[in-house]
Amino acid sequence: MATVVVIGTQWGDEGKGKIVDLLTEYADLIVRFQGGNNAGHTLVVDGEKFIFHLIPSGILYEDKRCAIGNGVVLDPAVLMEELKELEDKGRKITPERLMISENTHLIMPYHKALDHAREAAKSEGKKIGTTGRGIGPCYEDKIVRNGIKVTDLLDSALFREKLENNVAEKNFLLTKMLNAEPVDAGRIYDEYMGYAEVLAPFAGNVSVLIDETRQKGGDVLFEGAQGTQLDIDHGTYPFVTSSNTVAGGACCGAGIGPSQIDCVIGICKAYTTRVGSGPFPTELFDDTGDLIQRKGAEFGATTGRRRRCGWLDGVVLKDAVRLNGLNGLAITKLDVMSDIDPLGICESYQVEGENFTSMPTNIRKVEKAKPVYRQVKGWAGDITGARSMDDLPREARDYVHSIEAQAGTPAYVVSVGPDREQTILLKNPFEG
Ligand code: GDP
Ligand code: IMO
Ligand code: MG
């Protein structure tokens, strides 16, 4: 029996969806614990592509249970859409397959309105480039104790009271401060009462479900969203998301203790991408950056935005090892680096004569960081058919070993294509 946490080591979109789908085979319960539908997790199974924003990426295995923990912020409209899309594909999801924590906070229409209006009000260079899904304002309400939880939605009188109080305040902000349209409490009430009916049978105590699963000897897999450098505390603040994306977030965001986590796997793309604004020291503005973007098909799975691309950042990787207590890596998109020679791995930053081997906390310093690279020899040819390390060219193996050495952490998985099958599994995290 094991409990495994999978998180992103970079700025998101490392391939968490693919790896969670892959590891689901060995798990009984798959749990999301933070973020919301700002996430876009892509899985490809036998050539068929699925993108999940809210529902855990384990949902495609019909004999496995999934859960959305209290740390997630849930937009019920998006949940309805995802459930419908799955049903249309012949995969109807019943409450036996998916539990939603009663303590999960709901994204409300005014959260989305505030997210958009705040971004619009910011000047160029100050915009965070949020996904516009209302994530920040929803977490804000949670922390300030104005949030509306799933359990509140299921009590219509309590829901109405909380809604009316919130709408009064948000409409003041929207109209008087942000030059935006007000929202209508009555319309929101009616809309959300419709969601309440669908949501009610899915609502439950996820912490208890995890505990029961473990008591019965079951394996639990936690699916992180975003990435370590987008963490609200440890990322490149303020260009971050509004939740704790690091592995520790799994404890608070699902209701288990740190001593119950057996293994943490960090997903590390073989290069780096970032979508949205904020400093990105190893970003490439040249033809190689464009080439990686094209070969990696680097467009956001949620917003469709072009992702910024650059070399692998070993400073970011080392931060991730420390902040998440990584036991192992899953190195993804190695195939994208074929036919690029040489490859760069950033080992440290120079900032005005000072050397950094961890991310500077001062955002101005991060903006000025000059990466110091080690060059690594590239390889030629298609590697998407590789199923063991021996199938890879020597230089590709060396590149993997260079990443392991930079992290001081072994690779458990090497991914050479988007499909579930296009994977080299070196060590199974559920097997200790
Ligand atoms: P996530 O947010 O971390 O789940 O990642 P995304 O789904 O947003 O982005 C990762 C993209 O890379 C998706 O389109 C995946 O299908 C794709 N992908 C995952 N692993 C690999 C890989 O090893 N090689 C290639 N070429 N694509 C991959
Ligand atoms: P997955 O789970 C990449 C980024 C946004 C923006 C910042 C804040 O697919 O890896 P937010 O809407 O969260 O307030 O936006 O965070 N961001 C992501 N970037 N992958 C994601 O999720 C992201 N979720 C948020 O682009 O810069
Ligand atoms: Mg994504």
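Within the chain, antiparallel bridges make up roughly 40 percent of the DSSP beta bridges whose residues both belong there. Under a 5 Å amide H cut-off, with hydrogens placed 1.01 Å from N, Trp379 pairs with Asp339, Ile340 among residues at least 5 apart or on other chains.
Amide H contacts under 5 Å for Glu421: Asp46, restricted to partners 5 or more places along the chain or on a different chain, H placed in the peptide plane at 1.01 Å from N. In the context of the full set of protein chains, residues of segment 292-432 present 44 Å² of accessible surface per residue (probe radius 1.4 Å, heavy atoms only). Normalised by the number of residues in the chain, the average gap of Cα pairs under 8 Å and 6 or more apart makes the relative contact order 21 percent. Placing +1 on the Cβ of every Lys and Arg and -1 on the Cβ of every Asp and Glu, with no other charges, gives segment 101-186 a dipole of roughly 320 debye about its Cα centre. Rounded to the nearest 10 degrees, the angle from helix 76-88 to the longest Cα principal axis of the chain is 70 degrees.
Rolling a 1.4 Å probe over the protein heavy atoms of the chain, with every protein chain left in place, gives an accessible area that is 48 percent carbon and sulfur.
For segment 105-201, the square roots of the Cα gyration tensor eigenvalues, ordered a ≥ b ≥ c, give a/c of at least 1.5 with a/b greater than b/c, which places it in the prolate category. Taking Cα atoms only, the orientation of helix 156-172 departs from the longest principal axis of the chain by about 70 degrees.
Counting only protein chain heavy atoms and rolling a 1.4 Å probe, the accessible areas of His234, His116 rank, largest first, as His116, His234.
Looking at segment 1-86, the accessible area is 24 square angstrom per residue; that uses a 1.4 Å probe and ignores ligands, DNA and RNA. Each residue was assigned an accessible area with a 1.4 Å probe, and for Tyr195 the value is about 30 Å². For segment 289-432, calculate the relative contact order in percent as a whole number, restricting contacts to Cα pairs under 8 Å that are 6 or more residues apart. This gives 26 percent for segment 289-432.
With θ taken as phi - 60° and the Karplus curve 6.51 cos²θ - 1.76 cosθ + 1.60 applied, the whole-hertz 3J(HN,Hα) list for segment 188-205 is 5, 4, 4, 4, 6, 5, x, 5, 4, 4, 6, 6, 3, x, 8, 6, x, 9 Hz, x standing for glycine and proline. From helices alone, the chain scores -9500 deg cm²/dmol at 222 nm; the rule is -39500 (n - 2.57) for each run of n ≥ 4 DSSP H residues, then divide by the residue total.
Of the GluC sites (Glu not before Pro) in segment 279-382, the ones in a loop by DSSP (not H, G, I, E or B) with at most 16 other beta carbons within 10 Å are Glu352.
Residue pairs exceeding 24 angstrom between C-alpha atoms, taken from Lys269/Lys370; Lys16/Lys64; Lys49/Lys127; Lys122/Lys269; Lys49/Lys427: Lys49/Lys127; Lys122/Lys269; Lys49/Lys427. Partners of Lys142 within straight-line reach, counting lysines whose Cα lies under 16 Å from its Cα and excluding those fewer than 8 residues away in the same chain: Lys112, Lys162, Lys170. Amide H to amide H, with H built 1.01 Å from N, Arg305 comes under 5 Å of Gly300, counting only residues 5 or more places away or on other chains. Per-residue 3J(HN,Hα) values for segment 303-320, derived from phi via the Karplus relation 6.51 cos²θ - 1.76 cosθ + 1.60 with θ = phi - 60°, read 10, x, 5, 5, 8, 6, 10, x, 5, 4, 10, x, 5, 4, 5, 5, 4, 5 Hz in sequence order (x marks Gly and Pro). Take every pair of alpha-carbon atoms less than 8 Å apart whose residues are at least six positions apart; their mean separation over the length of segment 105-201 yields a relative contact order of 29 percent. If both residues of a DSSP beta bridge must be in segment 1-131, then about 35% of such bridges are antiparallel.
The values are calculated or read from the model by the stated rules, or taken from the named source; none is laboratory data. Worth saying up front: this structure is predicted, and the values here are computed from it rather than measured. When we count neighbours, we look across all protein chains shown, and the Cβ atoms used for this are built from the backbone with ideal geometry, even at glycine. Areas reflect the complete protein model, heavy atoms only, side chains present, ligands, DNA and RNA absent. Shrake-Rupley method; radii C 1.70, N 1.55, O 1.52, S 1.80 Å.
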